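The values are calculated or read from the model by the stated rules, or taken from the named source; none is laboratory data. Quick caveat: nothing in here was measured; it's all calculated off a predicted structure. Here Cβ is always computed from backbone atoms with ideal geometry, including for glycine, and neighbour counts include all displayed protein chains.
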Number of protein chains: 2
Amino acid sequence: MQDRITTILKAVADPTRREIFHALVVATTALPITQISNQFDISRQGITKHLKTLEGAGLIHIDTKGRERFCHANANPLKEVNQWLKFYEQFWDGALGDLSDYLDNMS
Amino acid sequence: MQDRITTILKAVADPTRREIFHALVVATTALPITQISNQFDISRQGITKHLKTLEGAGLIHIDTKGRERFCHANANPLKEVNQWLKFYEQFWDGALGDLSDYLDNMS
DNA sequence: TATATTTGCAACCATATAGTTGCGTATTAA
DNA sequence: TTAATACGCAACTATATGGTTGCAAATATA
C-alpha cells in the first residue's frame, strides 16, 4: 500500500485526527468509542473511521472489553516523523522565535 | 481555509512531494521546473501542482528569471512540525532503536 | 425476558487529490 | 524571423477522503 512514514504523516495531517489523538494522549485512562465521539461534533461513525486510520498508523491501540472498545494512544510512531525531520534540521535556522520565523510568517 | 500546521503536514504527507522537497533541499543550486520534472516519472504539470502545494506550505520558494522558474527549498516551516511533535516526545519511550521500537514494528 | 447501549458494516454523498492532456504565451536561440 | 524551450491555465478523469445514515448484532441492564 504505502510507506509507513506516509501512513503516519497522513494520519496526523488531519486536524480532527490530531484532536482525537491528543485527547487520547492526555486522557489518564483508555476511552470507549462513544465517549470519544461525545467530545466531537461529528457522528460516531465518523470518529470510528478516524480511529481506524489512527490505528493503522499505530498511533492508537484498541482493546475490546465486553461491548465496549477502549482506545489508548501510542506516541511511538511519531518517533519516525521525528527522525524524518531530523535530517532537515540542519537546513532550518535558529531557534523558534527568531527573525527568520518572523520573516517566514510574513508571506 | 486550514491550519498552518495542517497545510504543512498535508504537504509532506505525500511521498512524491517529500521526494521533490528533498531533491531541492540537497540541490546546491535552485532548479527550474522542467529540470525537476525530469527526475520524476510524472508529467511536468503533475510536478507543478506539487510545487504549488509545497509553495503554499512555505516549503519552497519560486523565483522567476526569464522564461524559467527557479525553485529552492525552505526547511523553516518544518520547525512548526517539530514543535508540534515536541509535546508528544514525553509520551514515547527511549531512543530510536530500542525494544519498544522493535515491538512497534511487530504489529 | 425485554429493553437499552455500544458497536461494526455497508451504502451512499460531496469534495479533495493526484494525475493526465491540450493549448496558448512568453522568452530564448538559430 | 523562425523555431525551440519553459511555462501557466483549463478541462478532464479516477480514486481517496471525510462525512453521513440505516440497520443488524452483541453485550449489559431492568
Qualifying positions in the stretch A:33-60 - farther than 26 Å from residue B:83 by Cβ and more than 11 Å from DNA strand D (Cβ to nearest atom): A:33, A:34, A:35, A:38
Condition check for residue A:43: within 16 Å of DNA strand C (Cβ to nearest atom), surrounded by fewer than 13 Cβ atoms within 10 Å (Cβ to Cβ) and of a type in the set (Ser, Thr, Tyr): yes
Any hit, the stretch A:65-74, residues being touching a Gly at 6+ places or on another chain (Cβ under 8 Å) and either more than 13 Å from DNA strand C (Cβ to nearest atom) or closer than 19 Å to residue B:85 by Cβ (or both): yes
Residue in the stretch B:79-88 that is surrounded by fewer than 16 Cβ atoms within 10 Å (Cβ to Cβ), more than 13 Å from the chain's Cα centre (by Cα), more than 12 Å from every other protein chain (Cβ to nearest Cβ) and at pLDDT 95 or above present: no
Given (1) within 14 Å of chain A (Cβ to nearest Cβ); (2) surrounded by 19 or more Cβ atoms within 10 Å (Cβ to Cβ), number of the condition residue B:16 does not satisfy: (2)
Filtered residue count, the stretch A:23-40, keeping only those that are surrounded by 14 or more Cβ atoms within 10 Å (Cβ to Cβ) and under 21 Å from residue B:5 (Cβ atoms): 4
Enumeration of residues in the stretch A:38-85 that are touching a residue at least 24 places away in the same chain (Cβ under 8 Å), in contact with a strand residue (DSSP E or B) (Cβ under 7 Å, 6 or more places away or on another chain) and assigned to a helix (DSSP H, G or I): A:51, A:54
